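The values are calculated or read from the model by the stated rules, or taken from the named source; none is laboratory data. No experiment lies behind these values; they were computed from the predicted model shown. Positions of Cβ are backbone-derived with ideal geometry, glycine not excepted, and every protein chain shown enters the neighbour counts. All accessible areas refer to the heavy atoms of the entire protein, side chains included, with ligands and DNA or RNA removed. Shrake-Rupley method; radii C 1.70, N 1.55, O 1.52, S 1.80 Å.
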Amino acid sequence: MKQNKICTIIDLSSQYEALSPLTKQRTVGSLPFGGRYRLIDFPLSAISNAGIKEVGIFSPPSDRSLQDHIRSGKPWDLDSITGGVFTYPFIEEDSKDKNKQWQYYQDLLTFLKKSGSTFTLLTSAHSVSNLNIAELLSYHIVNNNPITTVYKRQEVKYVSPNEEALNISENSDVTAIMDVETLMKGPHEDVLPMFMNIAMLRTSLLIELIQNAAKQSEFKSLPSIMREAVEVYNANAYEYTGFYANINTVKRYFDTNMAMVHEEDSQALFFSSHPIYTRNKNEIPTFFSKASEVKSSLLGTGGRIEGRVENSIVFRRSVVNRYASVDHSILMQESKVGRGTTLKYVILDKNVVIGANLKIEGTPEKPIVFPKGTSVFRKEDIAKGVQK
């Protein structure tokens, strides 16, 4: 497969205001998921399963949590002598700084040229999926189109108006990428081909596209270059049929985590023939007291459960004290729930402490989010939570 060598670029520039406050101090790729993972684990695992060794990640230089999580890339077998994980700062789409623009293009071109790859996979980290890149490559080669993009068919009722879908011709060519609201103004089906922000193309073509963009007066980021190329070349459309969720709102983040307590969804995502890898902590198992009660939940290591947990996701080193009840909620790393407290439809970010004998209840449509490091000890403190 040497003649079909692939490199990958993961773009983390997409930030969603609708995910605030979860992304106030982290990129979307750093978001914890499923009790022990982060969203960046899904593209990195797909890359690892395909045997890809060169990965370029464009992310904010201040995202310490992402750097700490990835490190050398060893969990994804990316700590090789040649290749590996290369991180670069992205640049905002509306930036007017010519020096930063020039450096951005040079970083892209340097990575691509040094990779020696025949093909490049462009992806992001705000979606949850388990893509088979080898199958995507085979499809791309057989169909002999300059670019192939990936979509997932989803019912209209499960997507948002501002999400992007593909307009696909009868020949399975992509004629346009458009938001759902625009697509639904004309004739449409009840199931739409949702754009997964993934594309594959020849590295030589991508280099040419970036070089052309660098000559223009108006700055274009890599995602913009990719979208334009998909439409210009009437890209192939590859259908992904596995579990998929686009994490672009707090509700979508909450719902996708809650889906993981259902065996069918978690099996489809985590236990297929292509495993999902993450950085291991090598901690002791979570302690369950005799009085604890746990149902239909996912729990990380190193925690202590003395109360009741049901239909919830509890991350590493979190504590649920005696007589506390946690239902349909997400407790991120090192969260603490006080004695006798009740939580329902709540998201506790990392290091959140909830005191004793409190009742906090959001709704399935609007879970209450407590930002990282928040302390809630009185009823008046509950107002620190964000409901959106």
Quick check on this structure: which one of 312, 329 is of a type in the set (S, T, N, Q), out of contact with any Gly (no Cβ under 8 Å at 6 or more places or on another chain), in contact (Cβ under 8 Å) with a residue 40 or more places away in the chain and open to solvent by less than 20 Å² (accessible area, probe 1.4 Å)? 312
Just name the residue that is nearest to residue 280 (Cα to Cα) out of those in the range 71-116 that are of a type in the set (A, V, I, L, M) and open to solvent by less than 20 Å² (accessible area, probe 1.4 Å). 78
Qualifying residues in the range 142-163 (those that are in contact with a Ser or Thr (Cβ under 9 Å, 6 or more places away or on another chain) and at pLDDT 95 or above) - the one nearest to residue 232 (Cα to Cα): 150
Just one listed residue, out of 42, 33, is aromatic (Phe, Trp, Tyr), buried (at least 23 other Cβ atoms within 10 Å of the Cβ) and touching a helix residue (DSSP H, G or I) at 6+ places or on another chain (Cβ under 8 Å), and it is 33
What pairs can you find where one residue is in the range 25-49 and assigned to a loop (DSSP other than H, G, I, E, B), the other is among the charged types (D, E, K, R), and their Cβ atoms are less than 7 Å apart, with a gap of 6+ or different chains? 25/372; 26/63; 27/63; 31/38; 36/316
Give, as residue ranges, the strands (runs of 3 or more DSSP E) completely inside the range 145-260 that count at least 1 residues that are within 30 Å of residue 387 (Cα to Cα), touching a residue at least 60 places away in the same chain (Cβ under 8 Å) and open to solvent by 30 Å² or more (accessible area, probe 1.4 Å). 147-155
Can you give me the number of residues within the range 127-144 that are of a type in the set (Gly, Ala, Ser) and not in a helix (DSSP H, G or I)? 2
Being within 30 Å of residue 141 (Cα to Cα) and touching a residue at least 12 places away in the same chain (Cβ under 8 Å) narrows it down to one of 110, 82, so name that one. 82
Just one of the numbered conditions (1) open to solvent by 10 Å² or more (accessible area, probe 1.4 Å); (2) of a type in the set (A, V, I, L, M); (3) not in a helix (DSSP H, G or I) is not true of residue 18; which one? (3)
For residue 273: the one exception among (1) under 19 Å from residue 128 (Cβ atoms); (2) at pLDDT 95 or above: (2)
Is there a residue in the range 372-385 that is in contact with a helix residue (DSSP H, G or I) (Cβ under 6 Å, 6 or more places away or on another chain) and either open to solvent by 10 Å² or more (accessible area, probe 1.4 Å) or among the small types (Gly, Ala, Ser) (or both)? yes
Determine which single condition residue 117 fails, assuming it passes every other condition in (1) of a type in the set (S, T, N, Q); (2) within 19 Å of the chain's Cα centre (by Cα); (3) under 15 Å from residue 53 (Cα atoms). (2)
